[in-house]
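Shown next, in structure tokens, is the structure this report addresses.
The values are calculated or read from the model by the stated rules, or taken from the named source; none is laboratory data. Just so you know, these numbers come straight off a predicted model, no measurement behind them. Here the Cβ positions follow ideal geometry from the backbone for every residue, glycine too, while neighbour counts run over all protein chains shown.
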């Protein structure tokens, strides 16, 4: 039975997720440090990197969402310089010419897509972005009153299949249904309980990061408002 995958816990709390050495294909600059928790047949992978040093990549081989857990990364291209510290996030677009430097040793969670997604870009993800109203879950999956939801899409590929942004919601309960997307969730505020098809439940709060693969049976139960950073790969776009 498919289940959600815990990628990290706040405060370096232990996780029972198995990470295995791997790489994201030709040109992956972190081939020796890449640890993969899940990789799908659809070009998306999630996992962790721990690395120190500096490198320059003439054309970054994939698009990578980086959520720094420890240390800091300095990311530079021809017009942008970003310092991404623990608890912050950035996106490196496929094809970017970028210099990457780790202050001491840095560790980050990644969600990477090797398909032809955003053009070369280097962008900090604004975790405090103002949000606009967005559609709630469908009425036929709700087991509670309809919540109020908001979001801010930070970036996406041209067809809109892969999207990164910020979303929040008032509390609600949703019945167990197959997850319609691949989705990484990094919880910024609040807490949510996810339950899979075997009855395994996980509680995820501020600073936790979880990945739900496409078609995984999953329910949602929150009793407080939740705000999250998401990276989704949509199969209906």
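Restricting attention to the range 22-31, does a residue exist that is in the same structural domain as residue 106 (by TED's automatic domain parsing), assigned to a loop (DSSP other than H, G, I, E, B), in contact with a strand residue (DSSP E or B) (Cβ under 6 Å, 6 or more places away or on another chain) and touching a residue at least 40 places away in the same chain (Cβ under 8 Å)?
Taking the range 22-31 and keeping what is in the same structural domain as residue 106 (by TED's automatic domain parsing), we get 22-31.
Add one more test, that the residue is assigned to a loop (DSSP other than H, G, I, E, B), and what stays is 22-31.
If we keep only those that are in contact with a strand residue (DSSP E or B) (Cβ under 6 Å, 6 or more places away or on another chain) too, we end up with 22-24, 29-30.
Adding the requirement that they be touching a residue at least 40 places away in the same chain (Cβ under 8 Å) leaves 24, 29.
Yes; the residues of the range 22-31 include at least one that is in the same structural domain as residue 106 (by TED's automatic domain parsing), assigned to a loop (DSSP other than H, G, I, E, B), in contact with a strand residue (DSSP E or B) (Cβ under 6 Å, 6 or more places away or on another chain) and touching a residue at least 40 places away in the same chain (Cβ under 8 Å).
Can you find a residue in the range 219-229 that is within 20 Å of residue 150 (Cα to Cα) and within 12 Å of the chain's Cα centre (by Cα)? First the steps, then the outcome.
Residues of the range 219-229 within 20 Å of residue 150 (Cα to Cα): 219-229.
Narrowing the set further to residues that are within 12 Å of the chain's Cα centre (by Cα) leaves 228-229.
Looking for residues that are within 20 Å of residue 150 (Cα to Cα) and within 12 Å of the chain's Cα centre (by Cα), one finds at least one in the range 219-229, hence yes.
Let's see how each residue does on (1) exposed (fewer than 15 other Cβ atoms within 10 Å of the Cβ); (2) in a strand (DSSP E or B); (3) in contact with a strand residue (DSSP E or B) (Cβ under 8 Å, 6 or more places away or on another chain); (4) modelled with pLDDT of 95 or more:
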{"position": "45", "(1), (2), (3), (4)": "no, yes, yes, yes"}
{"position": "52", "(1), (2), (3), (4)": "yes, yes, yes, yes"}
{"position": "69", "(1), (2), (3), (4)": "no, yes, yes, yes"}
{"position": "75", "(1), (2), (3), (4)": "no, yes, yes, yes"}
{"position": "110", "(1), (2), (3), (4)": "no, yes, yes, yes"}
{"position": "119", "(1), (2), (3), (4)": "yes, no, no, no"}
{"position": "126", "(1), (2), (3), (4)": "yes, no, yes, yes"}
Boolean, residue 189 is outside the structural domain of residue 65 (by TED's automatic domain parsing) and closer than 21 Å to residue 110 by Cβ: no
